[in-house]
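First the structure, in the form of structure tokens, and then the observations on it.
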Amino acid sequence: MDIRTLQEELVQYSKTIGIDKIGFASASPFIELKERLVRQQELGYQSGFEEPDLDKRTNPELVLPQAKSIIAIALAYPSKLKDAPRSTRSERRGIFCRASWGQDYHDVLRDRLRKLEAFLQERVPTCKVKSMVDTGELSDRAVAERAGIGWSGKNCAIITPEFGSYVYLGEMITDLPFIPDKPIEDNCGTCTKCIDACPTGALIQGGQLDSNKCIAFITQTKGFIADQYREKIGNRLYGCDTCQLVCPENKGKDFHFHEEMEPDPEVVKPVLKPLLSMSNREFKERFGSISGSWRGKKPIQRNAIIALAHYKDQSAIDELKKVLIEDPRPVMRGTAAWAIGKIDGESSQEILLNAKNKEKDQDVLNEIEKGLQLITR
């Protein structure tokens, strides 16, 4: 079959299986990307979640021998929550970022990529393919940019003309010589709204991110959160949307094309206090289907404690006291101690002093001291 005809058929087929945008790129090495990644490593800006082998991240032939081209796909996801529950004084709520709404996007994109693979292998049985989503070797953003899906914005997201940056990305390396699409011209111009709005200054400059300062990364860590970031987290349980929300290219963009991506409001904007006593089984049953659950319940519970402190929720003191006294995990006990001091309720000082007399873990004792210092009386 003529490669151009096959490519056209593949594009048409992609529309029938729920792929919102598809593009093609050469499989030549990403030389400029490697230079940037080396610099990121030197500066200590990487999160540690990335593929550590820079050669694999930037040379498709090391992932799939005799790679000739890469197919990039994008699926648009919702940016607005329908029938969103309101946070009240008695029931304060947290929020998961938009990229964690609905079914885990890894599963959704892998489904689409498997269908593309089957389509190609039915027509060219000898072809070789390798698909990946997010956690694969290649940089989704670099592939999407080369394939003309969108341009790489100053917020370090791919921005598409049609859907803004509210898109999930995936790619497939092939040994078929598809005709490359042209990259899209950068349309950020002189705009710096995302850089100016970043709560922690994680966006160092356009297109450069210090992952260790990024709230989206910080909410996924499992240890104590540094003091200077606790105030910045607010009621975020997982991820951060600030740099997307302020982007002019995202204004008015809200797409509900895929049933799997429709969020359950009670899951993505949950009441905070019940999270503190949730068992592993309960957590998996309620949150296991969304991408924001991948690190387990510990980061979510810790972030819920910080959110209750953010709200200064006096009604949460009893639940936080229970965590401080009974939770076997030092990070939970310590964060609860800090939160109790931050909320500064009538019994806060007594609770913290009693806990101080019984606590053995030095990190928790340090947090108890922080909590006591926050009390104004």
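The values are calculated or read from the model by the stated rules, or taken from the named source; none is laboratory data. Everything numeric in this text was worked out from a predicted model, so none of it was measured. All Cβ positions, even for glycine, are placed from backbone atoms using ideal geometry, and neighbour counts span all protein chains on display.
For P125, the criteria (1) closer than 25 Å to Q41 by Cβ; (2) at pLDDT 95 or above; (3) assigned by TED's automatic domain parsing to the domain that holds R39 hold in every case but one, which is (1).
Can you give me the number of residues within the stretch 134-153 that are part of a strand (DSSP E or B) and over 18 Å from the mean Cα position of the chain (by Cα)? Result for the stretch 134-153: 1. For the stretch 242-274, the set of residues classified as farther than 28 Å from K15 by Cβ, crowded, with 17+ Cβ neighbours inside 10 Å and either of a type in the set (S, T, N, Q) or in contact with a Lys or Arg (Cβ under 7 Å, 6 or more places away or on another chain) (or both) consists of T242, V246, V267, K269, P270, L272, listed by residue number.
Being free of Cβ contacts under 8 Å to residues at least 60 places away in the same chain and in contact with a Cys (Cβ under 9 Å, 6 or more places away or on another chain) is the requirement here; does T219 meet it?
On the way: free of Cβ contacts under 8 Å to residues at least 60 places away in the same chain: no; in contact with a Cys (Cβ under 9 Å, 6 or more places away or on another chain): yes.
Here the answer is no, as T219 does not meet what is asked.
Residue count for the stretch 322-365, restricted to those that are under 17 Å from M278 (Cα atoms) and among the small types (G, A, S): 1.
Yes/no matrix, rows are residues, columns are (1) over 23 Å from S152 (Cβ atoms); (2) out of contact with any helix residue (DSSP H, G or I) (no Cβ under 7 Å at 6 or more places or on another chain):
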{"position": "C240", "(1), (2)": "no, no"}
{"position": "Q244", "(1), (2)": "no, no"}
{"position": "K251", "(1), (2)": "no, yes"}
{"position": "D264", "(1), (2)": "yes, yes"}
{"position": "L275", "(1), (2)": "yes, no"}
{"position": "R281", "(1), (2)": "yes, yes"}
{"position": "F287", "(1), (2)": "yes, no"}
{"position": "S293", "(1), (2)": "yes, no"}
{"position": "G296", "(1), (2)": "yes, yes"}
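Per the conditions (1) out of contact with any helix residue (DSSP H, G or I) (no Cβ under 8 Å at 6 or more places or on another chain); (2) surrounded by 20 or more Cβ atoms within 10 Å (Cβ to Cβ); (3) of a type outside the set (S, T, N, Q); (4) modelled with pLDDT under 95, the sole criterion not satisfied by L109 is (4). Every condition in (1) within 17 Å of the chain's Cα centre (by Cα); (2) assigned by TED's automatic domain parsing to the domain that holds M332; (3) modelled with pLDDT of 95 or more is met by A307 except one, and the failing one is (1).
Being among the small types (G, A, S) and free of Cβ contacts under 8 Å to residues at least 24 places away in the same chain is the filter here; which residues of the stretch 73-123 pass it?
In the first step, residues of the stretch 73-123 are kept if they are among the small types (G, A, S); the result is 74, 76, 79, 84, 87, 90, 94, 99-100, 102, 118.
Within the stretch 73-123, A118 is the sole residue that qualifies.
Of all residues in the stretch 173-202, those satisfying the criterion of being more than 30 Å from R112 (Cβ to Cβ) and either assigned to a loop (DSSP other than H, G, I, E, B) or polar (S, T, N, Q) (or both) are G189, T190, C191, T192, C198, P199, T200, G201, A202.
If you check G201, G234, G239, G252 for being of a type outside the set (A, V, I, L, M, F, W, C) and in contact with a Cys (Cβ under 7 Å, 6 or more places away or on another chain), only one passes: G239. Residues that are closer than 23 Å to C240 by Cβ, part of a loop (DSSP other than H, G, I, E, B) and out of contact with any Ser or Thr (no Cβ under 6 Å at 6 or more places or on another chain) within the stretch 154-172 comprise K154, N155, C156, F163, S165, listed in sequence order.
Looking only at the stretch 328-370, residues that are in contact (Cβ under 8 Å) with a residue 24 or more places away in the chain and either not assigned by TED's automatic domain parsing to the domain that holds G234 or not in a helix (DSSP H, G or I) (or both) come to 6 in all. Of all residues in the stretch 191-212, those that are under 25 Å from I225 (Cβ atoms) and assigned by TED's automatic domain parsing to the domain that holds T242 have Cβ atoms under 6 Å from Cβ atoms of residues that are among the aromatic types (F, W, Y) and in a loop (DSSP other than H, G, I, E, B), 6 or more apart or on another chain, in D210/Y45; S211/Y45.
Within the stretch 154-181, the set of residues being among the β-branched types (V, I, T), surrounded by 21 or more Cβ atoms within 10 Å (Cβ to Cβ) and over 17 Å from the mean Cα position of the chain (by Cα) comprises T160, I173, T174.
Within the stretch 65-80, the set of residues being of a type outside the set (K, R) and either within 27 Å of the chain's Cα centre (by Cα) or buried (at least 24 other Cβ atoms within 10 Å of the Cβ) (or both) comprises I70, I71, A72, I73, A74, L75, A76, Y77, P78, S79.
Flag: I215 matches the condition of being among the β-branched types (V, I, T) and under 15 Å from the mean Cα position of the chain (by Cα). Checking each residue in the stretch 9-32 for being surrounded by 14 or more Cβ atoms within 10 Å (Cβ to Cβ) and among the basic types (K, R) picks out only K21.
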